[in-house]
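Since the structure comes first, as structure tokens, the remarks are kept for the end.
Readers should treat all values here as calculations from the given coordinates under stated rules, not as data from a laboratory. Bear in mind the structure is a predicted one, so any value in this text is a computation, not a measurement. All Cβ positions, even for glycine, are placed from backbone atoms using ideal geometry, and neighbour counts span all protein chains on display.
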Amino acid sequence: MARLIRTEKEVEGRFEEVWLVVEEDPLEQWPAGPRDVVGRPAVRKTALERVRGEARFTADIRLPGMLQAAVLRSPYAHARVKQIDFTQALGLPGVHAAVGPGDAPGLESEAGYAGAPVAAIAAETFGQAHAALQAVAIEWEQLEAVLDPEDAVARGLLASDPERYERGDFERALAEADVVVESTYRTQVVLHNSMETHQAVCEWVGDRLDVYISTQYIWGVRDEVARGLGIPADKVRVVCEYMGGGFGSKNSAGEYTFAAAELARRAGRPVRCALTRTEENVAAGNRNGTIQKLTAAARSDGTIVALGGEFVNALGWGGWSAGTDGPMRMLYACDNVRTVKVTTKLNTPPMKPFRAPGFVEGTFGLECLIDELAAKLDVDPLELRRRNYAGSNDGTPFSSKNLSDCYELAQKHWDRRHDVRARSTPTWKRGVGMASQIWYGGGGPPSYAWTRVGSDGRIMVVTAMQDIGTGTRTAMAQIAAEELGVSLDRVEVSLGDSARGPYATLSAGSSTTPSVGPAVRAAAADAKRQILEIAAQRYELEERVLDIRDGRIVSSDGNLSVELDELLGLLGNAQILGKGARGPNPTGMSVHTFGVHVAEVAVDVETGEVRVERVAAIHDVGRIVNPLGAGSQVEGGVIQGIGHTLSEVRLLDPETGRVLTQSLDAYRMPTIADVPEIVCEFVDEPDRHLTSLGSKGLGEPPIVPIAAAIANAIRDATGADVHELPISREEMLRALREAKERRGAPAAV
Amino acid sequence: MPELRLTVNGREQRLEAPIGTSLAHVLRERLGLTGTKIACNEGHCGACTVQVDGVPVLSCITLAHAVRGDVTTIEGLRDHPLVAAFVRADAVQCGFCTPGQVVAAAALVAANPEPTPEEIRHSMAGNICRCGTYPKIEEAIRTWRD
């Protein structure tokens, strides 16, 4: 029965108190460990279509009569459109329609950053649309631009009031501590740069709008588009069956969607609006830069007594202030914690969430600081972490926490450090570092799924969620197969269409598997119950003695064992329809994912080159549904994190505020040649308080600790403290010089 | 409009296209071969990789009229053993770069059926995968004949 509750809802570390209609999920968890299907490696559903190039992405949608749109963007970091005239542009060959400031959400007369969208034109070809942009007569009024976060803080140009948190008595604990370390860390702006750029195709069919879009959240886009255009939500259908990566940047409809919808309305033709790679680098969102002034204090026995942080989240023209302070508040047992988070608003491209927003940045600072503390205390870094193990989240119990098991699994990798160091040469210094991780990833209600079983013995799971490449489609199929007692090849999953299935949550915040998975299991259980009802009638046995195992209907006394297909064959054109909902999260508990990375690096002390040679990634995310896909997620997170750590940085011209790194040549993402040996291990232990599945999400955790693990390995190898991301050769050489000066030798590097 | 003659996946194609049209554009927009992806459209990422006479070529920065030789796209390699190897190894996440990876890998193994990890890394470094499937891509290429 549906129940109305008042509860806290979490997405990517942001909480809001909401009314929620939830349905109970009365199923008991499966015992821990691999089952028949769940917990065993499964080849990805739709892998073949993707590999053979048959999967139809938004980029491949071709509708009859479809026009192409190009977007006019501000050349100035801050400016206002005083006048705009499309007369000449509309007269050019192939041009059908134009929209300007105020004509569609996202197109505004005030341009808050260089690259801000102000107008768009639709033409027969993209080339014609792009050429027509040059013919738009536009008069700009330039406004003052604020580009530097420290300047913004000094002038009080903040996006919101500073957010303060304190527990215990930080000042007093600091004064009484035996050892204190203070350091400032800086993290850079990085870009998502999904392979498929942000794009949408919009087509009006009567008063209904079909939106084909590369998105992580079809329902969010549906509501946003309906609101933005002032039409009922059920008049908007959003479709995204395959999408070419998002990483947090595609959670909402962008100006490209609204521009396509409005241009399509005006032109009476479908319109595609696809960002170019340059636009993707300039105006599609980013992980914001941070400045973190951190303090840690401890007693000589290694007990951390105080942690303090002043965090600056340097947002651009938009975005929200992610939880950079979260790791400091939650990762260690510490009675006295004081944090303040200051958020600047700059005339730079807007922040969008990027794979564990805030925690990636905050974990770099905190986990480097903890290692600096360990060095000062002369305590083994792993031992220091064990000694300060957090048993609760500021008094709230964790629904499950197996970080100590992660440490146990990490020990053998950590023990390699003596051998690794011994392989150093006079030029290449080698070392090992580690870092821990806490993040969210428990998901939550609502999410729904249906199952459909036909006389052909096949099962269709229907849920309007997305599979953004993380393999959630496969995980859902495994869960349904497990519950129904059939093999995985009998199950297909229909997703990615708001008109063809019930609501499912967004593919962000590591929430898809923990949110939709239990709904799928409940829907499968509902179908199974109905199958057994029919079986009881057919075989004249009581339902309670019947079960489905290995695709057969069996009775508990072993006397009945018939093919499931034999029974389902009786259905004819009848179908068994199951439905399921995601139950509530445990009340009064803090749901988190945990993990630890151990990195091995080599540093060329002459040139400052850093090579990551090996990463052991150990994660605690509850029950693992698909070990094969889970390993791929971890590898992908580690590799993306290595890019964040060593090579990726969005550069701005400090004078004009224009993005300088506008191509995949200038913005350097990891290639296959940059990949170290990666070892993945899991504490595969269901969270017994979380849903009938006990699984948490895994998309984000593996990117959280990697930068600090690498930085700490660099310290182990060279004695140098890096304080800035990316660890460029300049930063590496600076840290080496500083270390040399600290040791009293002249800085010769 | 100038005539364009191409042999694509063994079939001769005759069409008209303005000088300056990229091979990727012709394949995707004129011939409906959307397996070839455009991710950067400036020759930096490898998603648009096709083969011309067996050699990997970035079709987004190749002028269609300048192509001399037989073009092979992912549509012409759908039954290549590498496809099954990529599926087996889970060398695909979002899948947008994957056809380009397979086309590049097919050229590699045609020239060198048993490439070493170093040779794989050297040959495949021009194909970016933002999801980071690289370890699985390496595994798929190492085991493509299994």
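Normalised by the number of residues in chain A, the average gap of Cα pairs under 8 Å and 6 or more apart makes the relative contact order 17 percent.
Applying 1/(1 + (r/R0)^6) with R0 = 60 Å to the Cβ-Cβ distance of A:THR7 and B:GLU29 gives a FRET efficiency near 0.75. Under 15 Å from a label point set 7 Å out along the Cα-to-Cβ vector of A:ASP335, the amide N atoms of region A:175-211 belong to A:175-178. Global dimensions of region A:432-571 from alpha-carbon coordinates: Rg and Dmax equal 17.6, 66 Å. FRET efficiency for the B:LEU15 to A:ARG266 pair, using the beta carbon distance and R₀ = 25 Å, is estimated at 0.20.
Can you give the charge dipole size of chain A about its Cα centre, rounded to the nearest 20 debye, using +1 on the beta carbon of Lys and Arg and -1 on the beta carbon of Asp and Glu?
Details: 81 positive and 103 negative charges, 139 e Å.
Result for chain A is approximately 660 debye, rounded to the nearest 20.
Sort B:CYS94, A:CYS680 so that the residue with the fewest other Cβ atoms within 10 Å of its own Cβ comes first and the one with the most comes last.
Details: B:CYS94 28, A:CYS680 20.
If I rank by nearby Cβ atoms, fewest first, I get A:CYS680, B:CYS94.
Each peptide in A:104-112, A:360-368, A:133-141 receives the mean, over its residues, of other Cβ atoms within 10 Å, and ordering these scores from highest gives A:360-368, A:104-112, A:133-141. Here the spin labels are modelled as points 7 Å beyond Cα on the Cα-Cβ line, and at A:GLU609 and A:GLU144 they lie 4.7 nm apart.
Amide H to amide H, with H built 1.01 Å from N, A:HIS78 comes under 5 Å of A:LEU143, counting only residues 5 or more places away or on other chains. Sequence-distant contacts, meaning Cα pairs under 8 Å at least 6 residues apart, place the relative contact order of region A:434-516 at 43 percent.
Between A:ARG668 and A:THR87, the modelled label-to-label distance comes to 5.1 nm, taking each label 7 Å out from Cα in the direction of the beta carbon.
Residue separation times 0.36 nm, minus the C-alpha to C-alpha distance between A:ARG458 and A:ALA32: what's the value? If you can, show how the numbers build up before the last one.
Working: separation 426, 0.36 × 426 = 153.36 nm, distance 2.73 nm.
Residue separation times 0.36 nm, minus the Cα-Cα distance, leaves 150.6 nm.
Restricting the calculation to Cα atoms, region B:3-73 shows an Rg/Rh of 0.91 when the hydrodynamic-style radius is the Kirkwood one.
Calculate, for A:ARG172 and A:ARG386, the FRET efficiency according to 1/(1 + (r/R0)^6) with r their C-beta to C-beta distance and R0 30 Å; round to the nearest 0.05.
Working: r = 26 Å, r/R0 = 0.86.
Between A:ARG172 and A:ARG386 the formula returns 0.70.
Averaged over the residues of peptide A:120-127, the number of Cβ atoms from other protein chains lying within 10 Å of each residue's Cβ is 1.
Can you tell me the length gained on complete extension of the stretch A:ARG164 to A:THR587, counting 0.36 nm per residue apart and subtracting the Cα distance? Can you show the working numbers first?
Details: separation 423, 0.36 × 423 = 152.28 nm, distance 2.53 nm.
Extra length available between A:ARG164 and A:THR587 comes to 149.8 nm.
For the pair A:GLU563 and A:GLN411, label points projected 7 Å from Cα toward Cβ lie 5.2 nm apart. For the pair A:LEU651 and A:SER300 in one chain, pulling the backbone fully straight at 0.36 nm per residue adds 122.1 nm over the alpha carbon distance.
With the contact rule set at Cα under 8 Å and sequence spacing of 6 or more, what percent relative contact order holds for region B:3-73?
Working: 128 pairs, mean separation 27.2, N = 71.
The value is 38 percent.
For A:ALA233, the shell of other residues with beta-carbons less than 14 Å away shows a net charge of 0, using +1 for Lys and Arg and -1 for Asp and Glu. One way to sum up the overall shape of chain A is the equivalent ellipsoid from its Cα gyration tensor, whose semi-axes run 42, 38, 22 Å, largest first.
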